[in-house]
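Let me begin by presenting the structure, written as structure tokens, before commenting on it.
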Amino acid sequence: MTHTHRTSPPAAAADHERPFTGRPRRWAKERDRALRTGHVRDATCTSACEVVLVYERASWGWLAWSVPGDGSRPEVPHQIGVLAPGASCLQRWAVRWLTRRPARYVALAAVPGSLRLSTAGVALVSLLAALIAAGRGVAADVVVPAMLLVLALADHLPGRLDARARVHVRTVEGDRSCRYLRRQSALHTSLVQAAAGSRRHELRRAAEIGRHLLWEAAGLLHSGAPRTVCGELIARERLMLQLAHQVTQIHRHAAGGHTPGTNQTPAPARPVRPHALGAQPPAYPRLRSVPAPLPPKEAFPMPQPGQADPTLEVYLLFAHEPYYPAAAQEINTTVVAAASLLHPRVRQPDGARIHDRLVRGRRPGEIVPLSTLTHELDGGARWPEVGDWERVTEDLLQLVRGHDCDALNLGLPEIARALVCAGPRSEVRTLDPASGKQRVHKPADRVGVLVEVGRHLARAEAGSPLWPGDGLQSPAGSPDAL
């Protein structure tokens, strides 16, 4: 479990505690308009009351505030809308459409009901246009249907556009849900403000991660009650707080005239700690030639008994819950030397048995995902015969985070991580919610991910292989282990 930092978030986190923070005149203007044109919230309101809402737009969506009848500013938004990450310009216009001012209605004296003021205006314009067209000799069987069609579009088109626009946003209502999402949005706003105008990859990456966390939290609240998804909501808020803490630390280091990590010197006989994929790695003095990783295990015959060679440089790749060690770098996948499974702080004899299975029938330099072992063990049915892989990988991750062995720490994208977690013959299908198109990622794409991991491993091992740790036990089946 990662430690939750208790450092206070940046000052921008208080931006959404009240509507239009820092712009009191804007709130006074919107409140006066609401008093003139709509129904404000007071003690006589019931759940059936349709109160007028004041929308405060943001880069990630909006906050909708009700207007109290006593003239005070509300403490909790009535509604929060979150726009999908990576939205296009057209989708951003959808937000502006949904947060437009409400339509005004005019009462009809002759018949019960009311009519949109905009529809009445369109009806008047279309009537004048029809009279002009009729005066110029246009046939009535053309003018009248056209005028009726314009009236129908003016009355029904806004509702259709609303439905299309809501596909790209997730809206949340309710006191508890809005309180939670307001805190998340305030933290995300602080990350965006820290990344604005900065060229630092860490700050931009932190804002990007925070954007996805906000979208996921809105989805959880939109699909169920807060109590049913409490654990997942807490986990996402903890990650957002960690990002805010790391951004605060970066600003403190920048104010001190140095960058994070400049006072950290690696041990003399160890390779430089690798960075996450996508980050700028340090400049190594010289790269030694390391062969590219071999294709996944399914391209070779299944390993046979008696083929284990504990001296091979084989590597284990396993995915885990993401953590953020420094500068908002997400680490969600780790590669360790096979010999790290023999560390005394790894669950034994499970680690030794997995090591024996890992190196059996492999080739030098091969990177073996944990999912490949699962495939070879009849889809995981024979894991109980080998060992508790969950406990072993947890122990390995503790070794890596405690600097008791070397590792290649990776921040794989979602698709790449899904490919290495899937079996060597499995396919990963993705769906673009905007276009509705489906894409199939095949085993060849998985090979490409392993090749890219091999390139990063080659740079990380320049001059020295990954250190598996000290006090290693003897491999299973070796004379020293008997």
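The values are calculated or read from the model by the stated rules, or taken from the named source; none is laboratory data. This is a predicted model, so every value here is computed, not measured. In this analysis, Cβ positions are derived from the backbone assuming ideal geometry, glycine residues included, and neighbour counts consider all displayed protein chains.
Counting only residues that are in contact with a Lys or Arg (Cβ under 7 Å, 6 or more places away or on another chain) and in a helix (DSSP H, G or I), which one in region 377-399 is surrounded by the most Cβ atoms within 10 Å (Cβ to Cβ)? Step through it out loud before you land on a result.
Taking region 377-399 as the starting set, the residues that turn out to be in contact with a Lys or Arg (Cβ under 7 Å, 6 or more places away or on another chain) are 386-388, 391-392, 395, 399.
Checking the rest, the ones that are also in a helix (DSSP H, G or I) come to 386, 391-392, 395, 399.
Values: Val386: 17, Arg391: 13, Val392: 24, Asp395: 20, Leu399: 21.
Top of the filtered list is Val392.
Please state which of the following conditions Gln348 fails to meet, knowing it meets all the rest: (1) within 32 Å of the chain's Cα centre (by Cα); (2) of a type outside the set (Gly, Ala, Ser); (3) surrounded by fewer than 22 Cβ atoms within 10 Å (Cβ to Cβ).
In the conditions (1) within 32 Å of the chain's Cα centre (by Cα); (2) of a type outside the set (Gly, Ala, Ser); (3) surrounded by fewer than 22 Cβ atoms within 10 Å (Cβ to Cβ), Gln348 misses (1) alone.
Check whether at least one residue in region 292-313 is under 19 Å from Asp470 (Cα atoms), of a type in the set (D, E, K, R) and at pLDDT below 50, and report yes or no. Don't jump to the end; show me each part of the working.
Pass one, region 292-313, residues under 19 Å from Asp470 (Cα atoms): 310-313.
Subset that is of a type in the set (D, E, K, R): 313.
Imposing the further condition that a residue be at pLDDT below 50 reduces the set to none.
No.
Please go through region 171-228 and give me each residue that is among the aromatic types (Phe, Trp, Tyr) and either farther than 20 Å from Val76 by Cα or in a strand (DSSP E or B) (or both), ordered by number.
Across region 171-228, there are no qualifying residues.
Look through region 169-188, keep the residues that are within 17 Å of the chain's Cα centre (by Cα) and among the small types (Gly, Ala, Ser), and return whichever of them is surrounded by the most Cβ atoms within 10 Å (Cβ to Cβ).
Ser185
Please enumerate the residues belonging to region 325-340 that are modelled with pLDDT under 80 and either closer than 21 Å to Gln473 by Cα or surrounded by fewer than 24 Cβ atoms within 10 Å (Cβ to Cβ) (or both).
Of region 325-340, the ones modelled with pLDDT under 80 are 325-329.
Scanning region 325-340 gives Pro325, Ala326, Ala327, Gln329.
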